[in-house]
Structure formats: C-alpha cells, structure tokens
Amino acid sequence: MEPIEFPEQTTIYGKNQPQYGPLPAHVDCNGVVTCCWKLTEQEIHQILDKGVIWHQVHTFGLAVQPQLLTTEKPELE
C-alpha cells in the first residue's frame, strides 16, 4: 500500500525524511488531515479473501486522535 498524490492535497508530510517517506495530504481549516492510499493487487486479493484491514497509529505516548478508514472519497474543502 502506498500513499498517493491527489489534486486536492495541500501538503506532503515527511518530505525529505526517508525514514518515513512522503505522505501527500489535504489539511482543512479544522485540522482534518486526509490522505489517499493505493493498494497493490496482492493487497486487494487479501482484503477480498480475509475481509480485514489492520491500522496502526504511532502516538508516541500521546492520546489517540479520532481516525476514519473509508473507501469513499470525503468532501474536501
């Protein structure tokens, strides 16, 4: 799975940080960050076969922020 660029993106997190890799994102006025990921053919087949997606968040000991995984593109301002 790779993060991909999209027309509405407003920033790229991790730019010039090879330990993380670039993360294209749209950040709205309320601080909502939206990213888009492209799945490989193998990942698509794994999802079809198992019906699950795992998600990890590195909080560095801080509170977990609200998260949303979706297959639908959200409305971006």
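The values are calculated or read from the model by the stated rules, or taken from the named source; none is laboratory data. Remember, it's a predicted structure, so these values are computed and weren't measured experimentally. For neighbour counting, all protein chains shown are included, and Cβ atoms are generated from backbone atoms with ideal geometry for every residue, glycine included.
Brief remarks follow.
- Once region 1-36 is narrowed to residues that are of a type in the set (S, T, N, Q) and either in contact with a Lys or Arg (Cβ under 7 Å, 6 or more places away or on another chain) or without any contact (Cβ under 8 Å) to a residue 12 or more places away in the chain (or both), the residue that is nearest to residue 75 (Cα to Cα) is 30.
- The single residue among 21, 31 that is at positive phi and surrounded by 10 or more Cβ atoms within 10 Å (Cβ to Cβ) turns out to be 21.
- Qualifying residue in region 54-77 (condition: of a type in the set (Asp, Glu), out of contact with any Ser or Thr (no Cβ under 9 Å at 6 or more places or on another chain) and touching a residue at least 40 places away in the same chain (Cβ under 8 Å)): yes
- Selection count, region 63-77, where residues are more than 18 Å from residue 8 (Cα to Cα) and of a type in the set (Val, Ile, Thr): 1
- Selection status of residue 26, touching an Asp or Glu at 6+ places or on another chain (Cβ under 6 Å) and modelled with pLDDT of 95 or more: yes
- Of all the listed residues (53, 47), the sole one being outside any loop (DSSP other than H, G, I, E, B), among the β-branched types (Val, Ile, Thr) and surrounded by 10 or more Cβ atoms within 10 Å (Cβ to Cβ) is 47.
- Top-ranked residue of region 1-24 - restricted to ones that are of a type in the set (D, E, K, R) and touching a Pro at 6+ places or on another chain (Cβ under 9 Å), ranked as farthest from residue 39 (Cα to Cα): 15
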